[in-house]
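Working notes, beginning with the structure itself.
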Amino acid sequence: MSPPSDMRAEIEAAAARYPDRRSAIMPALLIAQRLHGHLPGQVLEEVADILGVERIWVYELATFYTLFHTEPVGRYHLQLCDNVSCMLCGSEALLAHIETVLGIGKGETTADGLFTLSTVECLGACEMAPVMQVGDDYHGALDIARLDALLTRLRAEAGAAAGATEMAGE
Amino acid sequence: MFEPVLLKNLDRPDAHRLAAYEATGGYRGLARALKEHTPDEVIGIVKAANLRGRGGAGFPTGMKWGFVPKAPGRPKYLCCNADEGEPGTFKDRIIMERDPHQLIEGMAISAYAIGAATAYVYIRGEYVKAIRTLGAAIGEARDKGYLGQNILGSGFDFEMHIHEGAGAYICGEETAMLDSLEGKRAQPRLKPPFPAVEGLYASPTVVNNVETLACVPHILTRGDDWFRDIGPEKSPGPKLYCLSGQVRKPGLYELPMGISLGELVEEHAGGPLSGRRIKAVIPGGVSAPVIPAEGLGVAMDFDSLAAAGSMLGSAGVIVIDDSTCMVKVATRIIEFFHHESCGKCTPCREGLNWVVKVLRRIEAGRGAPDDLDQLRDLCKGIFGNTFCALGDGAAMGLRAALEHYGDEFAAHIDRQKCPFH
Ligand SMILES: Cc1cc2nc3c(=O)[nH]c(=O)nc-3n(C[C@H](O)[C@H](O)[C@H](O)COP(=O)(O)O)c2cc1C
Ligand code: SF4
């Protein structure tokens, strides 16, 4: 798979913000991950080559920061906060519920590739605890009913998207 | 009657837009700084206001700016700490999402004072909405000439960029943040040299928290004596308090520094949930030692909380009621610190690993009689022996939990089960 053509341009634009290209590794990895879904070795090498920096510098960042994924994740990454404020507001019951309805544990992905489940440290939105981040969005004040509604909506959204691709392909 | 300062525009639907910000006096502080004051005078005003850093340590902001060498030569940098990883804290996110021009204006004034032409805002990557909103606001400010070349005809040039974090609490520690900005793994640096002398790219650098910088425009427009007159003399100003946990009205509250913790929790945040009693409150994010219900009279300012054996920290106020097991809370907190330990020094990396194991077995009903002594010894071994304050914070918090709730820990071991399940 060749990298999407605008990856290089986006990374160059990020690099222009710093006096040293090494500083652009983090933004470059975020750009690459957005385009590829995760960061396999080949993408890491591509990033190193575009920036002209040591490959080891790129690897060591990709494995240090928790938002970088070197392995594939599901279409929806359910990131449930289980830090103190969320725990005090019932995050444990939510975790148990997700594990039951999706049949996966922490760090696992459903067989259809739709959901990956993780618990995460404080998301910085404790006023709406318990909170879960899915993609770019925060979902707060969760209870079992809201959680079920969210999962149903995400499934429908994925189904609609799949339907649209099929139609376009026909 | 206290009038909100930092949150005064929060209820306006368009508060994040430049026009709304200007309509309530926005960017007049910057204009005043550039047209009426030298950089040194701006530092003098911030010193006179006695603004202290809202990132956790309460270091005097004007003094920090004054440490930056005046000599031309190396470029100088300003870094805004918007990593906001301290559990229980969400104030900086709300400033950036709802009224981001305050931060931009504060940064421009700060950069003028220290002679920086470039700034980075280090925002944790999870804060997608804040990143977008602040990014759009920077664009608006640039278009209007509040950023860029020759700002407001003053000859001052200043540009700012967002640097997205990628999930690591330790990036909030200022020197680890600088390493992260340089494209390295985020691990704290030895101090001295302090960042003001040798920071980003070995250049003089000021690191300030979002809320600290957001106070600056108001000090410039309303005067240092106005600011100093709010709250206690040694720790003045308006303050954002983040209320969460087992409390009726969680949320962000802006009140003077020095308000009592009890008033904050009982009157403003509505007190405990129905049928419950407050057992303990963590006043400043999980790095701050817990305060038992009897201690809620303490004033919420840097000095009073330090005197009470805790700290104001990030003012992340977490309310815990009598239905909650303190061993479980302590375990979760230490698990957090262990997970976020950067691994650079042994007392933190290995010590916390050990502490987690002991706490988990106590909570699971498998604690041994000498486990509490063991925990106390581990705290002693960690505290004061770690490279950065992460390890200290973990040990201090656990020590306080053992001191105030030792009976609960002991009950777990005696009965070989958690009394709360
Ligand atoms: C482990 C650790 C985490 C920290 N996290 C943050 C943070 O998320 N945000 C912040 O502003 N300061 C944080 N700090 C404090 C910073 O090191 C630094 O003191 C602060 O950003 C300075 O800004 P101020 O003077 O405006 O408070 C942290 C410190 C430590 C030791
Ligand atoms: S105390 Fe912990 S986080 Fe700080 S330098 Fe040591 S290992 Fe890293």
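Structure data summary
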{"read-out": "Number of the exception - B:Asp99 against (1) in contact with a Phe, Trp or Tyr (Cβ under 8 Å, 6 or more places away or on another chain); (2) within 14 Å of another protein chain (Cβ to nearest Cβ); (3) closer than 30 Å to A:Gln79 by Cα", "value": "(2)"}
{"read-out": "Given (1) open to solvent by 20 Å² or more (accessible area, probe 1.4 Å); (2) away from chain A (no Cβ under 12 Å); (3) more than 16 Å from ligand 1 (Cβ to nearest atom), index of the condition B:Ser323 fails", "value": "(2)"}
{"read-out": "Considering residues of segment B:161-195 that are open to solvent by 10 Å² or more (accessible area, probe 1.4 Å) and among the small types (Gly, Ala, Ser) only, the residue nearest to B:Gly25 (Cα to Cα)", "value": "B:Gly172"}
{"read-out": "Segment A:49-72 residues that are in a loop (DSSP other than H, G, I, E, B), paired with ones that are of a type in the set (Lys, Arg) (beta carbon under 8 Å, 6 or more apart)", "value": "A:Gly52/A:Arg21; A:Val53/A:Arg21; A:Val53/A:Arg22; A:Phe64/B:Arg185"}
{"read-out": "Hey, A:Pro40 away from chain B (no Cβ under 14 Å) and modelled with pLDDT of 95 or more or not", "value": "yes"}
{"read-out": "Scan of segment A:65-114 for residues that are under 30 Å from B:Cys242 (Cα atoms) and polar (S, T, N, Q), ordered by number", "value": "A:Thr66, A:Gln79, A:Asn83, A:Ser85, A:Ser91"}
{"read-out": "Of residues in segment B:347-375 being assigned to a helix (DSSP H, G or I) and out of contact with any helix residue (DSSP H, G or I) (no Cβ under 7 Å at 6 or more places or on another chain), the one nearest to ligand 2 (Cβ to nearest atom)", "value": "B:Arg349"}
{"read-out": "Residue, nearest to B:Leu10 (Cα to Cα), within segment B:67-102, restricted to residues that are within 13 Å of ligand 1 (Cβ to nearest atom) and assigned to a helix (DSSP H, G or I)", "value": "B:Ile95"}
{"read-out": "Members of segment A:138-156 found to be under 15 Å from A:Phe115 (Cα atoms) and either part of a loop (DSSP other than H, G, I, E, B) or open to solvent by 70 Å² or more (accessible area, probe 1.4 Å) (or both), listed by number", "value": "A:Thr152, A:Arg153, A:Arg155"}
{"read-out": "Helices (runs of 4 or more DSSP H) contained in segment B:110-223 and holding at least 2 residues more than 16 Å from ligand 2 (Cβ to nearest atom)", "value": "B:128-143, B:210-222"}
{"read-out": "Criterion: within 16 Å of ligand 1 (Cβ to nearest atom), over 20 Å from B:Ala186 (Cβ atoms), of a type outside the set (A, V, I, L, M, F, W, C) and in contact with a Pro (Cβ under 7 Å, 6 or more places away or on another chain) - qualifying residue of B:Gly384, B:Gly397", "value": "B:Gly397"}
{"read-out": "Number of the exception - B:Phe409 against (1) part of a helix (DSSP H, G or I); (2) under 29 Å from the mean Cα position of the chain (by Cα)", "value": "(2)"}
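Let's see how each residue does on (1) within 13 Å of chain B (Cβ to nearest Cβ); (2) surrounded by fewer than 19 Cβ atoms within 10 Å (Cβ to Cβ):
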| residue | (1), (2) |
| --- | --- |
| A:Asp6 | no, yes |
| A:Ala13 | yes, yes |
| A:Leu35 | no, yes |
| A:Leu44 | no, no |
| A:Asp49 | no, yes |
| A:Leu61 | yes, no |
| A:Gln79 | yes, no |
| A:Asn83 | yes, no |
| A:Ala93 | no, yes |
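The values are calculated or read from the model by the stated rules, or taken from the named source; none is laboratory data. Quantities reported herein were computed from a predicted structural model and do not represent experimental measurements. Glycine gets a Cβ as well: all are built from the backbone with ideal geometry, and neighbour counts include every protein chain shown. Only protein heavy atoms, including side chains, enter the accessible area calculation; ligands, DNA and RNA are left aside. Shrake-Rupley method; radii C 1.70, N 1.55, O 1.52, S 1.80 Å.
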